[in-house]
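This report concerns only the one structure given below.
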Amino acid sequence: METITLGKNGPAVTPLCIGTWAWGDKLFWSYGDGYGPEQLQAAFTAALEAGVTFFDTAEVYGLGLSEKLLGQFMQKAQKPIQLATKFGPLPWRFTGQSVSDALTDSLNRLQVESIELYQVHWPFAFFLSQETLLNTLADEVKRGRIAAVGVSNYSATQMREAHQILAARGVPLAVNQVRYSLLTRQIESNGIFATARELGVTILAYSPLAQGLLTGKYTPDSTETPSGARKIDPKFSKEGLQKISPVISLLNSLGEKYTRTPAQVALNWLIAQGNVIPIAGVKTAQHVQQNAGSLGWRLSDDEINQLEQITRPWLK
């Protein structure tokens, strides 16, 4: 399995990341309704069997349950796992110590002494300044508890500021985790993608399948309906699905050529952008096997361009 370096000199990780937002989350993903620890353990095992060893979680996913489950599964793993989790800048966290304490709690839930990547989950930090926050994370790099520092949902300007604060400490900004897919290409038009490339920051792409829209599972004529909050999302309405049907049609035709699914083609397009790692959320072993099918092959330059052209309406 080829690897991608996080940032300029961070850890080398697999080109696909397993997302664990649904692990323990009842609110959005209805954890416990149709899937639970047994299915997630099977998904974890399937990922390792497919050679995918990079997992992304956060302290807020399932209010810590996602980290706990990941920590439990790792105890039985036969190979090294690479972990990314996130710090939530909440209003009552306004000191450097509160950042270190949150990291300690995450490490305890994960049952590890250090992690590959620690990310700031969102850019608004309430009473905690970016200087205090990022300098504390630089301290934690020096302490050896985190190997690389990342941010999430930061604009181009916010990313540049974070990069400057860390650079003053000799610590590179490794990652910006943002929404990115064929149907959410705004980072290409708002400066995030270009700034990341300039600064040597890796893009971790969450919702790389647009919460299931790019799987081809939902069509204007199908009776398949999404679960949870997606039920009221206009993108999943008949009109919304009609709008994306040309994209799904192209994904289907490219998939037939390579004997791949539309989702695998959509993930391969993201990987082909260079220095982009899709975070594919999973609940089952079947989801993992599906997503892992995006690896080990590559769309041609012409096919990458065809997908770029047909999804231009989603640049803005």
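Are any of the residues in segment 88-95 closer than 16 Å to ALA138 by Cα and open to solvent by 10 Å² or more (accessible area, probe 1.4 Å)?
yes
Just to verify a result, which residue in segment 70-80, among those that are more than 21 Å from ASN291 (Cα to Cα) and of a type outside the set (S, T, N, Q), is surrounded by the most Cβ atoms within 10 Å (Cβ to Cβ)?
Across segment 70-80, the extreme among qualifying residues is GLY71.
Per-residue answers, yes or no, for (1) of a type in the set (Ser, Thr, Tyr); (2) under 16 Å from ALA102 (Cβ atoms); (3) open to solvent by less than 30 Å² (accessible area, probe 1.4 Å):
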{"site": "LEU128", "(1), (2), (3)": "no, yes, yes"}
{"site": "THR132", "(1), (2), (3)": "yes, yes, no"}
{"site": "ASP139", "(1), (2), (3)": "no, yes, no"}
{"site": "GLY144", "(1), (2), (3)": "no, no, no"}
{"site": "ALA156", "(1), (2), (3)": "no, no, yes"}
{"site": "MET159", "(1), (2), (3)": "no, no, yes"}
{"site": "GLN164", "(1), (2), (3)": "no, no, no"}
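Of all residues in segment 269-311 being among the charged types (D, E, K, R) and touching a residue at least 40 places away in the same chain (Cβ under 8 Å), which is most open to solvent (accessible area, probe 1.4 Å)?
Among residues in segment 269-311 that are among the charged types (D, E, K, R) and touching a residue at least 40 places away in the same chain (Cβ under 8 Å), the one most open to solvent (accessible area, probe 1.4 Å) is LYS283.
Taking into account only those residues within segment 219-241 that are among the hydroxyl-bearing types (Ser, Thr, Tyr) and more than 19 Å from SER30 (Cα to Cα), which is surrounded by the most Cβ atoms within 10 Å (Cβ to Cβ)?
THR219
Sort out which residues of segment 99-113 are among the polar types (S, T, N, Q) and farther than 13 Å from LEU133 by Cβ, and write them in order of number.
Answer for segment 99-113, where residues must be among the polar types (S, T, N, Q) and farther than 13 Å from LEU133 by Cβ: THR104, SER106, ASN108, GLN111.
Within segment 25-61, count every residue that is open to solvent by less than 40 Å² (accessible area, probe 1.4 Å), among the acidic types (Asp, Glu) and more than 21 Å from ILE4 (Cα to Cα).
2
So THR202 passes all but one of these: (1) more than 21 Å from the chain's Cα centre (by Cα); (2) open to solvent by less than 60 Å² (accessible area, probe 1.4 Å). Which condition number does it fail?
So the condition that THR202 fails would be (1).
Would you check which residues across segment 242-256 are touching a helix residue (DSSP H, G or I) at 6+ places or on another chain (Cβ under 8 Å) and either open to solvent by less than 50 Å² (accessible area, probe 1.4 Å) or under 17 Å from LEU299 (Cβ atoms) (or both) and list them?
ILE244, VAL247, ILE248, LEU250, LEU251, ASN252, LEU254, GLY255
So, in segment 264-306, exactly how many residues are within 14 Å of TYR180 (Cα to Cα) and outside any loop (DSSP other than H, G, I, E, B)?
Selection size over segment 264-306: 13.
Please name all residue pairs, on different chains or six or more residues apart, with Cβ atoms under 7 Å, provided the first residue is in segment 1-17 and is farther than 18 Å from ARG298 by Cβ and without any contact (Cβ under 8 Å) to a residue 60 or more places away in the chain and the second residue is in a loop (DSSP other than H, G, I, E, B) and open to solvent by 10 Å² or more (accessible area, probe 1.4 Å).
Listed pairs, sorted by first residue: ALA12/THR3.
The values are calculated or read from the model by the stated rules, or taken from the named source; none is laboratory data. Just so it is clear, the structure is predicted and the values come from calculations on it, not from any experiment. Ideal geometry is used to build each Cβ from the backbone, glycine not excepted, and the neighbour counts take in all protein chains shown. Just the protein is used for accessible areas: all its heavy atoms, side chains included, with ligands, DNA and RNA removed. Shrake-Rupley method; radii C 1.70, N 1.55, O 1.52, S 1.80 Å.
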